[in-house]
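Below is one structure, written out as structure tokens, with a few remarks after it.
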Amino acid sequence: MQSLPAPVRRLAAWCAVILLVAGVAYVGIRLCATFRTAVTPVLLALLGTALLRPFYGRLVKARVPRSTAAALTCVAVVGVVGGAVYVVVAALIDTGDQIVASLKDAARSVADHFGAAGTSLDDLAANSKDLLAKFGGTAASNVISGVSVVGESIAMAVLALLLVFFFLRDSHRAAGALRSVAPGGTADTLEAMARRAFAAVEGFMRGTTFIAFIDAVCITVGLLVLRVPGAVGLGALVFVGAYIPYLGAFLSGAVAVLVALADRGFVIALWALGVVLAVQVLEGHVLQPVIQSRTVQMHPAAVMLAITAGASVAGILGMLFAVPLTAAGFGVLHELRTRHGTPGPSGSPEPTGSEPTEPPEPSGA
């Protein structure tokens, strides 16, 4: 190695570091995928804790015991989420037949316009019946597996809710527990990195929730003006979908346009599409730069790459976790750069940003 030029040695050292980090990351991802039924509730609980911590803190400041405050927070979450799901499902059930009928009419019009032979809906229905007759056993097994997936999802949601309760109740002990397991001399650095990562996730969840609320209100008002049925439910769907950047907004907006097409016709559907696009432009050019720049310092290209990587690893859940986990990673890197950056003129590291502000620990029982 000593006979090699210094630039080559540095390149080899960086390659070794990159390979080591990539190997550790790959093993970690594979382990998370293997134990996803345990990892997913923990990640969901961390996101929920980051979002609900201010509400919990206000309850504790009002001298509500910690256990009671955490329980009330979880009950409020169940009520809000359950109500939103009920409103969305009710709206989709009320207009489901109309959406299917509108899609059938559109498909028939396209087939008639292009004169595609053998692509009529009757032919497709007959072929579907033949396929179901041939592969009925496979369909039945898929139904059984689907039921098991639903049961697994419910179990993970319940576990995540219980973890949110414990994370909120014992949040004041987190720093001490982390310092107790830190290797000698690294407790301060490890605590600072954890605080920075949690602050990044908290900022992402807070900013995304605020943006989702504005999007939902604007689209709900627009659909109410257009007299689209289930406008409140569609607004709730927009709010939930906003937690998956880009794709969530696209899917929820597509559902709103389909409902408008089913009940109010083509012209109103075009107006609904205009409302959705206007809200997305408002979000992309005003809300995201103003709000998210104050909470999470991430370039849109980094967000899109993170979503793509998350989708390739874990599908929808990967897309949900990709951005907050990436934000946490950027927070850790920012903390390390702040602590070990290039010394300034006075010999101290150059400041690279404001120090993270940790919400004051609520006092109470």
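The values are calculated or read from the model by the stated rules, or taken from the named source; none is laboratory data. No experiment lies behind these values; they were computed from the predicted model shown. FYI the Cβ positions are ideal-geometry reconstructions off the backbone, even for glycines, and counts take in every protein chain you see. Areas reflect the complete protein model, heavy atoms only, side chains present, ligands, DNA and RNA absent. Shrake-Rupley method; radii C 1.70, N 1.55, O 1.52, S 1.80 Å.
For every residue, the table says whether it meets (1) at pLDDT below 75; (2) open to solvent by 80 Å² or more (accessible area, probe 1.4 Å); (3) touching a strand residue (DSSP E or B) at 6+ places or on another chain (Cβ under 9 Å).
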| position | (1), (2), (3) |
| --- | --- |
| 289 | yes, no, no |
| 305 | no, yes, no |
| 340 | yes, yes, yes |
| 347 | yes, no, no |
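List every residue pair whose Cβ atoms lie under 7 Å apart, where the two residues are 6 or more positions apart in sequence or sit on different chains, the first residue falls within the stretch 231-251 and is among the hydrophobic types (A, V, I, L, M, F, W, C), and the second residue, located anywhere, is open to solvent by 60 Å² or more (accessible area, probe 1.4 Å) and in a helix (DSSP H, G or I).
Close Cβ pairs satisfying both conditions: 231/224; 239/213.
What is the one condition in (1) of a type in the set (A, V, I, L, M, F, W, C); (2) under 30 Å from residue 263 (Cβ atoms); (3) modelled with pLDDT of 80 or more; (4) open to solvent by less than 60 Å² (accessible area, probe 1.4 Å) that residue 221 does not satisfy?
The single condition residue 221 does not satisfy is (4).
Is it the case that the stretch 38-61 has a residue that's part of a helix (DSSP H, G or I), modelled with pLDDT of 85 or more and in contact with a Cys (Cβ under 8 Å, 6 or more places away or on another chain)?
Yes, that holds for at least one residue.
Working carefully through the options 275, 257, 228, find the one that is modelled with pLDDT of 80 or more, farther than 19 Å from residue 318 by Cα, out of contact with any strand residue (DSSP E or B) (no Cβ under 8 Å at 6 or more places or on another chain) and part of a loop (DSSP other than H, G, I, E, B).
Selected residue: 228, the only one of 275, 257, 228 that is modelled with pLDDT of 80 or more, farther than 19 Å from residue 318 by Cα, out of contact with any strand residue (DSSP E or B) (no Cβ under 8 Å at 6 or more places or on another chain) and part of a loop (DSSP other than H, G, I, E, B).
Residues being assigned to a loop (DSSP other than H, G, I, E, B) and open to solvent by 60 Å² or more (accessible area, probe 1.4 Å): count how many of those fall in the stretch 231-254.
Qualifying residue count, the stretch 231-254: 1.
Give the stretch 32-73 a look and list any residue that's within 21 Å of the chain's Cα centre (by Cα), of a type in the set (D, E, K, R) and over 18 Å from residue 316 (Cβ atoms), or say none.
Within the stretch 32-73, 53 is the sole residue that qualifies.
Considering only residues that are of a type outside the set (A, V, I, L, M) and at pLDDT below 85, look in the stretch 1-25 and name the one that is nearest to residue 159 (Cα to Cα).
Looking at residues that are of a type outside the set (A, V, I, L, M) and at pLDDT below 85, I get 9.
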